[in-house]
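Written out below as structure tokens is the structure these notes cover.
The values are calculated or read from the model by the stated rules, or taken from the named source; none is laboratory data. This one's a predicted model, so the numbers in the text were calculated from it and none came from an experiment. Cβ sites come from the backbone with ideal geometry, for glycine too, and all protein chains shown count toward neighbours. Just the protein is used for accessible areas: all its heavy atoms, side chains included, with ligands, DNA and RNA removed. Shrake-Rupley method; radii C 1.70, N 1.55, O 1.52, S 1.80 Å.
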Amino acid sequence: MRGIGVPYKELEASKFYLPLLDMYVKYHQPNSFDDELVIHAIMDDMPKAKIKILYEIYRGDVLTTTGYTTHGFINSEGRPCRPPKNFVDTCRKAWEKR
């Protein structure tokens, strides 16, 4: 989220939160504690009440892990809600640049 211009901290400051609803991980190759890894996080679709983020983890050129997390937007009262307009607008701009 920081990469597209909306750090999670900023979302929380606006009283919106993204608790984890679901996750999946598949290990293709082992990683070790001292490995330098690159993590690619990709939005699966434009955010609505939920957002799905796909992950690819690389050690050099080797894809070691794939997975996803699904998060639901909630407001400060803990109720499900739609994401704030500025977040959606920023995501849309980033989506169009892909």
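At-a-glance table
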item: Residue list for the range 1-29, restricted to those being of a type in the set (Val, Ile, Thr) and in contact with a strand residue (DSSP E or B) (Cβ under 9 Å, 6 or more places away or on another chain); result: Ile4, Val25
item: Out of Tyr27, Tyr8, sole residue that is open to solvent by 70 Å² or more (accessible area, probe 1.4 Å), modelled with pLDDT under 95 and among the hydroxyl-bearing types (Ser, Thr, Tyr); result: Tyr8
item: Count of the range 54-80 residues which are in contact with a strand residue (DSSP E or B) (Cβ under 7 Å, 6 or more places away or on another chain) and either crowded, with 16+ Cβ neighbours inside 10 Å or not hydrophobic (A, V, I, L, M, F, W, C) (or both); result: 17
item: Where Trp95 falls short, out of the listed (1) open to solvent by 60 Å² or more (accessible area, probe 1.4 Å); (2) modelled with pLDDT under 95; (3) touching a Leu at 6+ places or on another chain (Cβ under 9 Å); result: (3)
item: Every residue from the range 4-52 that is more than 28 Å from Val88 (Cβ to Cβ) and part of a loop (DSSP other than H, G, I, E, B); result: His28, Gln29, Pro30, Asn31, Ser32, Phe33, Asp34, Asp35, Glu36, Leu37
